Amino acid sequence: MKLAIIGATGKSGNMILNEALLRHLDVTAIVRSPEKLSANVPIIQRDAFSITAEDLAPFDVIISAFGNVAGETREAHVDIVKHYLEILKNSHKRILLVGAASYLYTDEKRTKKLYDTLWMRTAGLRSGSLVLERAYLTMKENSVGFDWTFIAPAVNYEASGPRTGHYQIGSDVVLNNVAGKSVISYADLAVALMDEVERPKHLNMLAAVAN
């Protein structure tokens with residue numbers, strides 16, 4: 001199995017790359033700035049919006065850890081999904097995308113989403129969250145001839161947290177630990193994502209992950 005990681009120099013992408021290497025997988029990094037890459041792996045130097053179907057032809061699974069850069073708005077997340085839809089159409093490949101917790105439901109009743117909670121509204125996070133949700137829905141409603149999974153980190157997505165290898169995975173509802181907190185480290189999200197790469201169980205759906 002050949003993997004490509006888009007955005008491998010970002011915080012999430014770098015952790016995912018490291019996890020793939022721990023598993024001795026055949027991985028290529030697709031990055032805008034190769035000089036920022038810490039690992040010694042094959043590289044395709046591309047802006048994410050410049051990636052072509054031909055670039056992705058050698059790969060079985062693509063992982064997108066896309067993050068908008070300075071000067072780009074949240075709309076870039078919708079635009080990149082539209083680009084993936086175009087270049088992956090009828091390719092019969094698989095893409096896993098790092099999403100967000102903000103558009104998960106708050107509980108199993110599925111009557112309120114996280115972006116509707118008072119603290120997110122007060123913090124001014126609702127509008128950006130709606131754009132991120134639109135990116136997910138754009139993939140959900142328009143994919144043709146390939147499989148996808150949106151991986152949603154916990155509400156508290158911690159860059160410095162340890163790699164425990166333990167996590168829970170669900171669908172479109174926020175997951176909490178025994179202490180009632182929704183948290184996961186970047187390292188454990190990478191574990192969950194790479195487990196899904198190797199043993200796919202959440203095709204064509206949103207999958208929430210938490211410790």
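Readers should treat all values here as calculations from the given coordinates under stated rules, not as data from a laboratory. Bear in mind that the values here come from a model prediction, so they are computed numbers and not experimental data. Here Cβ is always computed from backbone atoms with ideal geometry, including for glycine, and neighbour counts include all displayed protein chains.
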* **Modelled FRET efficiency - R0 25 Å, Lys2 with Asn142, Cβ distances, 0.05 increments** => 0.50
* Asked: What is the fewest-to-most order of Met120, Met139 by other Cβ atoms lying within 10 Å of their Cβ?
  -> Met120, Met139
* Fraction of the pair-distance distribution of the stretch 2-210 above 25 Å, Cα-Cα pairs, percent -> 34
* Whole-Å distance, taken between Cα centres, linking the stretch 123-178 and the stretch 45-94 -> 17
* Considering only Val178, Val27, Val131, give the residue with the highest GNM mean-square fluctuation for the chain, with springs between Cα atoms whenever their separation is below 10 Å. => Val178
* **Using alpha-carbon coordinates, inclination of helix 11-22 to the longest axis of the chain, degrees** => 60
* **Proximal charge balance of Arg94 [Cβ under 9 Å; K/R count +1, D/E count -1]** => -1
* Ranking His83, His166 by Cβ neighbours within 10 Å, fewest first, what do you get? -> His166, His83
* Structure fact -> For the chain, averaging the sequence separation of alpha carbon pairs under 8 Å that lie six or more residues apart and dividing by its residue count, the contact order in percent is 20
* Work out the FRET efficiency for Ser38 and Lys109 from their Cβ-Cβ distance, taking R0 = 41 Å, and round it to the nearest 0.05. => 0.40
* To do: Counting other beta carbons within 10 Å of each Cβ, put Asp188, Asp172 in order, fewest first.
  => Asp172, Asp188
* If R0 is 25 Å, what FRET efficiency do you get for Asn177 and Asn204 from their C-beta distance, rounded to 0.05? -> 0.35
* Can you pull the one-decimal nm distance between simple spin-label points at Ser50 and Lys82, each 7 Å off the Cα toward Cβ? => 2.1
